[in-house]
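Q: Below is a structure I'd like to ask you about.
A short reminder: the numbers here are calculations on the coordinates, not readings from a lab. Please read all numbers here as calculations on a predicted model, not as lab measurements. Note that each Cβ is placed from the backbone with ideal geometry, even for glycine, and that neighbours are counted across all protein chains shown.
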Amino acid sequence: MSGPLRKHHPLLKVVNHSVIDLPVPSNISVMWNFGSLLGLCLVSQILTGLFLAMHYTADVNLAFSSVAHICRDVNYGWLLRNLHANGASFMFICLYMHIGRGLYYGSYFYVETWNIGVMLLVLTMATAFLGYVLPWGQMSFWGATVITNLFSAIPYFGPDLVQWLWGGFSVDNATLTRFFAFHFFLPFMIAGLSVVHLLFLHQTGANNPTGLAGDVDKVPFHAYFSYKDVVGFVVLLAGLVFIALFSPNLLTDPENYIPANPLVTPVHIQPEWYFLFAYAILRSIPNKLGGVVALAMSIVVLFFMPFVHSSRQTSHNFRPLAQVLFWLMVVNVLLLTWLGGQPVEYPYIFLGQAASVIYFVNILLFIPIVGYVENKLLFS
Amino acid sequence: MASRVAAKQTGGVFRMMQKWYYERAAFNQIGLLRDDTLRETEDVKEAVKRLPEDVYNARAFRIKRALDLDMKKQVLPKEQWTKFEEDIRYLQPYLDEVWREKKEKEEWDSRY
């Protein structure tokens, strides 16, 4: 067989078709770096997490002090802990940029790739939630209590479901041990699903900023985008290391440096920054079940994107009205993030409700209307 | 008479809005026509297949040039930007043909 080995060897040709000779549109921008950056974050989290797991103990009497032991006694344990905690934040930064890219450039028309991407988002959120419980600080315990209690709002079997999840009558040792097990296991599901995500992407080929079919101008992935991705890796790792070394507690809650105490409720229970927008939507509905449904819908609504897109163009690149709506949505989500960290009092209650309504109305109503108007202006 | 004048004025206002939107959309700055920017649904793909060779080649050239300009983050010189009045819907007749055939097929399938 003539030709390079990488094209014919049964294993090497899989690698070749994925990251070497893969045809890629020539004009994909830096917004296309976040996919590979997410892969880097996942590898980093798995490696640091593996080494943390060698010294962590999932027991309510030992968990908090085992984390302190890692930070104080384990060689470079402090660095592993800082990289893992801040790595989660960087993973969510990359996730939200990656999703934003998909929303702006109409990548959701690759429906299989998009749907698996939304599943990956849910799995990553679940993994992060489980991981935050493990240090067994005040915010770990009370965050777990608040979020697991939400499932009791499910009619008929809700309360039984929650006790089954807890492994008892409250968040306790049984909860911690199973949360550790699932926090260890889920990243491997994320890795497997990421491979399927890429498999579907490579069936269609990548999108590009113009939204036009990129077939007429493609270049091989290596060396153009392999090296571009390496530059992205360097930038991300520099940012992660900078935060981990100079300001490791920038994004954390000081409440979590207090050991969990079921008898003392913190004044302001709030999740990490990457969940605040959803937390604001949850709290905006006075009814418990309504809040849970709104919380779930805030993520599930992403599945509807291919169906609410009414414009005859794919990308927002040539759609000035849709661009205004997109940035309004971004500002709204930032507002929701801020509101999620505020206390439940005037004027934040009303603002949270207004921003939550705008979030859903934007996606389900304004996007189809603006698409229709743009079609009329351009193609009638 | 009055309704004809009102219709003409409304049509004039709508055309002004179309022209404003066309300029703001800015795809003409990278040498594209309106029909070049259509999402390639099955109908559009079929219509593109039916284009005469010279029209298809011109479309491919415009798209390739646009992707190259986008990659470089550049636009064409202003004198080369397509004007709103000069933009022709070259794909529309073929799209109409595809939709007509599709509708006829659906009617036929529903009857037999």
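Q: Rank B:Arg59, B:Arg34, B:Arg100 by mean-square fluctuation in a GNM of chain B with C-alpha springs under 10 angstrom and give only the top-ranked residue.
A: B:Arg100
Q: First check a/c for region A:276-380, with a ≥ b ≥ c the square roots of the eigenvalues of its C-alpha gyration tensor; if it is under 1.5, answer rounded, and if not, answer prolate when a/b is larger than b/c or oblate otherwise.
A: prolate
Q: I've got another one for you. What lysines could a cross-link reach from A:Lys376, if we take a straight Cα to Cα line under 21 Å and drop same-chain neighbours fewer than 8 places away?
A: Partners within reach: B:Lys8, B:Lys19, B:Lys83.
Q: For chain B, what are Rg and Dmax over the alpha carbons, in angstrom?
A: 18.2, 57
Q: Using Cβ counts within 10 Å as a stand-in for footprinting exposure, how do B:Glu85, B:Glu101 rank, fewest first?
A: Starting with the residue having the fewest Cβ neighbours, the order is B:Glu85, B:Glu101.
Q: Separate question: What percent does the relative contact order of chain A come to when contacts are Cα pairs within less than 8 Å and at least six residues apart?
A: RCO, chain A: 22 percent.
Q: Where Rh denotes the Kirkwood radius from the mean inverse Cα pair distance, what is Rg over Rh for chain A?
A: Radius of gyration relative to Kirkwood radius: 0.99.
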